[in-house]
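To start, the structure itself, in structure tokens.
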Amino acid sequence: MTGRETIPPVVEMTDLRIEAKSNDQWSKIVNGVSLVIRPGEVLGLVGESGAGKSTIGLAALGYLRPGARATGGTVRLLDQDLLAIPEEERRPFRGTRVAYVAQSAQAAFNPVHRVMDQIVMVAVERGGMTRAEAEGRAVDLFRALQLPEPETFGRRFPHQVSGGQLQRAMVAMAMICNPALIVFDEPTTALDVTTQVEVLISIRKVIENFGVAAIYITHDLAVVAQIAHRVAVLRYGQVVEEAPIDRIMDCPQHPYTKSLWAVHEMPVAHAADHGTKGAPLLSLTDVSARYRDFEVLNGIDLTVGQGETVALVGESGSGKSTLGRLIVGLKEPAGGQLLYDGKPLPHRVRRRSAETLKQIQIIYQSADTALNPRQTVRKIIGRPLTLYHRLRGARREARMQELLRLVELDETHAGRLPGQLSGGQKQRVAIARALAAEPRLIVCDEITSALDKVVQAEVLRMLLRLQARLGVSYLFITHDIEVVRAIADRVVVMQHGRIVEQGDKDRIFAPPHEPYTETLLASVPDMAVGWLDRIIAARAA
Amino acid sequence: MTSRSHPILSMVTSRIGLGLLSLLIVSLVIFSAVSFLPGSYASAILGQNATPEAVAAMEQKLGLNRPWFLRYVAWLGAAATGDMGMSFAGRPVMTVVGPRLKNTILLASITAVIAVPLAITLGVLCARFRGRFIDKFLSTTTLASISLPEFLVAYIVMMVLAVKLQLFPSMAGIRNGMDFADQLYRMVLPILTLLLVILAHMVRNTRAAILSVMASPYIEMARLKGEPEGRVVLRQALPNAIGPIASVVALNLAYLISGVVVIEVVFVYPGIGQAMIDAVRNRDVPVIQACALIFATAYIGFNLIADVISIVSNPRLLHPR
């Protein structure tokens, strides 16, 4: 790679500074960033949400989101300083010389136009191609991206194409004019793990075959390890560390980078950690559920022991969340039997006794929607205390503070509204609210999916400590295999509303696997350079 | 893609079915409302000095002694063929209402042909140049014209163009014998007034519909593909805003038929609104019924068309998986 230094860069950012307006105040979101990308090179931009990754990626197209302004620095794309020329002169570069791949293709494609029309538009209008030439190139790209029926694929409307396919179609759209640079902004974050691999393979192939330079934005280190040549780690709008991929993966230098890396070595719960498992607390036998004529759950047999963590894994649409709703009584089963503590569990939440309601709690993925934005933390946690335990006044306040400390917050948070808390803090409040009831079983529905990796690890550690102290059982619904490895005692794998496999974590994660479990596990990227290469090689063989 | 039983066909059919059902319910309300009025139809025709025998004979002759639902079915059946019965003045209702309806439709059509394209163009311009002069100017003026009662708009127009400048007649009394150019000349002021009233509503809603689409990620994507802003609005945003635009247009077209009463009265325009006012004054129930039924049909019909347009403009429905 030493020869590359002499080749002129595709894009060069020098001391880039961008501010954004929020609440009538300008705040710095990119604070003196300098980056260089040379032809054929892929730079990984890594950092947590709010670190300024997307802003920098868009700046490479000379684009600032409404409400943002550049206050200094240069962005040179192929010898043109994009920030020095007016917007009307920047515009022609986009789509032809530099292109963008967004996080959600489903949202980024216009629903009223056919996929092909959207892909060839730039090429026909400004890329100097005829419609036929552009379509021919698009079909070639579809083929390179391994899209089904490449000849006719483009005739479909966006909603007629699956998420993973549409994401690849967006890569084709970016490639249509053979740009010098593509900005990939979290292109696989919204996808299931099994789909993610397919899209990653396609992106890798296209980048290699066409020799295009790229900025690859992600918060997933395992993903960036498969794609990037170099990685820049961002925090608070500044680059804290930049190094070739091998070096940064093997020996990160900056403390922040180390902390990001350390997250991947999550604390592993062992069965011994919280003593022997008690009798089954909840057991489901042959449970099924349907939405109208559509069967969402079928023949579910499931047991959760006292003080045990059962992880429920599967892709979106596999029926995981429906099962969680059914257990807390929000969805009525179509058949089967539910036993709680040895006694039949009424199906509907209204038929359940106050004691049962108290003992089974649920926590949702998004604390933003699950917490009332107009109630203070004190009120949010205080309500179940009054409702279930008749606590009032000083005793209620004392218990509330105790709960706050339990979820590693303190009294200063009690007076705040959810909007004044960070994502991780909000989820802690939601957990404290569930704990206020003193439950024996908590259904956790993707509760860490919306959190950054660092925060996610903290919340998981806390849940494990709480379990050791209180002996509570968790039914942990997730699609994240790493989380399962970290927290589960037993694993239940679901697909198409059925349980494919279940058993102790060690057994499920050790071969031989059921075919679907195999696919699921094999799709989770390793935190190691070369994992994707091995997958591609294995497929070719 | 398949020709047999496209889901959109069943959606459109059910929408039309629902429209007809609403119309049926409205007709029932209109029919029964009359039954609650004091006095009978027969005594109304015969006048106050009629003997009970004469009234009974009249009721017999008109079939008024039959059960109400039979009378309703007969009335509705006749109405469906355009026969609205006899007015109290002794003439067929349709000879009273028909020419008036024609005049109203003429006024409405001319206004609509100007207003709809103009409103959509101005709405698009406002959205395209959001926050710039044209947007601020139109936002302020349309807000003002929405806030003013329509009769006031009519009087202002009349005062300026008819009284002060004396360009157009303040009375729009068109007659059958007049040639079309003359009719048009007399209709200028009511048309202008109606334009001011309905343009504002449509411009604002078109602008809002487009701007709400402009917040979608695919709009940012189009900009990141280097598409010029004008085309972003026209080609990416506008097709996604057709549904809401169609429904506000429908509402305004329905208003042009059924809501123009005030303006017709101000300009003495011989439209259906005037006919209804006269009928109300004379307690001519069959004419009132006919007008109400025509208004209801216009409302339901235009909204039905808007519904169908917004269904058809949704590619998810038009091109199912």
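The string of couplings for region A:101-117 from the Karplus curve (6.51, -1.76, 1.60, θ = phi - 60°) is 10, 8, 5, 10, 5, 4, 8, 8, 8, 6, x, 8, 10, 5, 4, 4, 4 Hz, one whole number per residue in order, with x for Gly and Pro.
Amide hydrogen proximity for B:S87: with H placed 1.01 Å from N in the peptide plane, the residues at 5 or more positions away or on another chain lying under 5 Å are B:V93.
Positive-end ranking of B:A209, B:S310, B:L167 along the dipole of region B:101-318, with charges on Cβ about the Cα centre, is headed by B:A209. Hey, which of these cross-link pairs are over 32 Å Cα-Cα: A:K379/A:K505; A:K21/A:K426; A:K21/A:K320; A:K205/B:K225; A:K28/A:K320; A:K53/A:K358? Those over the limit are A:K379/A:K505; A:K21/A:K320; A:K28/A:K320; A:K53/A:K358. Legend: mean number of C-beta atoms from other chains within 10 angstrom of residue C-beta atoms, peptide B:237-247, equals 1. A simple rule links phi to the HN-Hα coupling: the Karplus curve 6.51 cos²θ - 1.76 cosθ + 1.60 with θ = phi - 60°, which for region B:178-190 gives 5, 7, 4, 4, 5, 4, 4, 4, 6, 8, 4, 5, x Hz, with x for Gly and Pro.
How many angstrom lie between the C-alpha centres of region A:405-458 and region B:187-231? Rounded to whole Å, the Cα centres lie 44 Å apart. In a Debye calculation with equal point scatterers on the alpha-carbon sites of region A:2-263 and no solvent, what is log10 I(q)/I(0) at q = 0.10 Å⁻¹? With one equal scatterer per Cα and no solvent, log10 I(q)/I(0) is -0.49.
Helix B:242-258 and the long axis of chain B differ in direction by around 30°, with both axes built from C-alpha atoms.
Based on the Stokes-Einstein relation at 20 °C and a viscosity of 1.002 mPa s, and on the Kirkwood radius from alpha carbon pairs, region B:101-318 is assigned a translational diffusion coefficient of 113 µm²/s.
The alpha-carbon positions of chain A define a convex hull whose volume is 174 Å³ per residue. Karplus-based coupling profile of region A:191-201, in residue order and whole Hz: 9, 5, 4, 5, 6, 4, 4, 4, 5, 4, 4, with θ = phi - 60° in 6.51 cos²θ - 1.76 cosθ + 1.60 and x standing for Gly or Pro.
Taking each pair of different alpha-carbon atoms in region A:412-452 once, compute 1/r for the pair, average those values, and report the inverse of that mean as the Kirkwood hydrodynamic radius in Å to one decimal. Don't skip to the end; give the middle numbers.
Values: mean 1/r = 0.0883 Å⁻¹.
Taking the inverse mean of 1/r over all distinct Cα pairs, region A:412-452 comes out at 11.3 Å.
Sorted fewest first by neighbouring Cβ atoms within 10 angstrom, A:S366, B:S10 come out as B:S10, A:S366. The dipole here belongs to region A:388-541: it is taken about the Cα centre, uses +1 on the Cβ of Lys and Arg and -1 on the Cβ of Asp and Glu, and is about 760 debye. Pairs of Cα atoms nearer than 8 Å and 6+ residues apart set the relative contact order; for region A:2-263 it is 26 percent. Each part gets one Cα centre, and for region A:198-240 versus region A:83-144 those centres are 21 Å apart. Backbone amide hydrogens, once placed in the peptide plane, bring A:H479 within less than 5 Å of nothing, excluding anything fewer than 5 places away on its chain. Counting every Cα pair in region A:271-510, what percent are over 26 Å apart? The answer is 37 percent, as a whole percent.
When only Cα pairs under 8 Å and 6 or more residues apart are kept, what is the percent relative contact order across chain A?
On the way: 1026 pairs, mean separation 80.6, N = 541.
Answer for chain A is 15 percent.
Residue exposure proxy: B:W75, A:W261, ordered by other Cβ atoms within 10 angstrom of their Cβ from fewest to most, comes out as A:W261, B:W75.
From the helices alone, meaning DSSP H stretches of at least four residues, give me the mean residue ellipticity at 222 nm for chain B, per-run term -39500 (n - 2.57), in deg cm²/dmol to the nearest 500. Before the final figure, lay out the partial values.
Working: 14 runs with 227 residues, N = 321.
Calculated at 222 nm, the ellipticity per residue is -23500 deg cm²/dmol.
The H on the amide N of A:R235, modeled in the peptide plane, is under 5 Å from the matching H of A:V240, each at least 5 residues off or on a different chain. In region A:1-115, the convex hull through the Cα atoms has an average projected area of 9.2 nm², a quarter of its surface area.
When each pair of different Cα atoms in region B:210-258 is counted once in the 1/r mean, what is the Kirkwood radius in angstroms, to one decimal?
Numbers: mean 1/r = 0.0840 Å⁻¹.
Hydrodynamic radius (Kirkwood, Cα pairs) of region B:210-258 is 11.9 Å.
Legend: ranking of residues B:R100, A:R352, A:R507 from fewest to most surrounding C-beta atoms inside 10 Å; resulting order A:R507, A:R352, B:R100. Once the Cα atoms are used to define both axes, helix A:163-175 deviates from the longest principal axis of chain A by about 20 degrees. Pairs of Cα atoms nearer than 8 Å and 6+ residues apart set the relative contact order; for chain B it is 26 percent.
Every number in this text was worked out from the coordinates using simple rules, so none of it is lab data. Treat the numbers as computed from the prediction; the structure is a model and nothing was measured. Quick reminder, even Gly has a Cβ in these numbers, built from the backbone with ideal geometry, and neighbours come from all protein chains shown.
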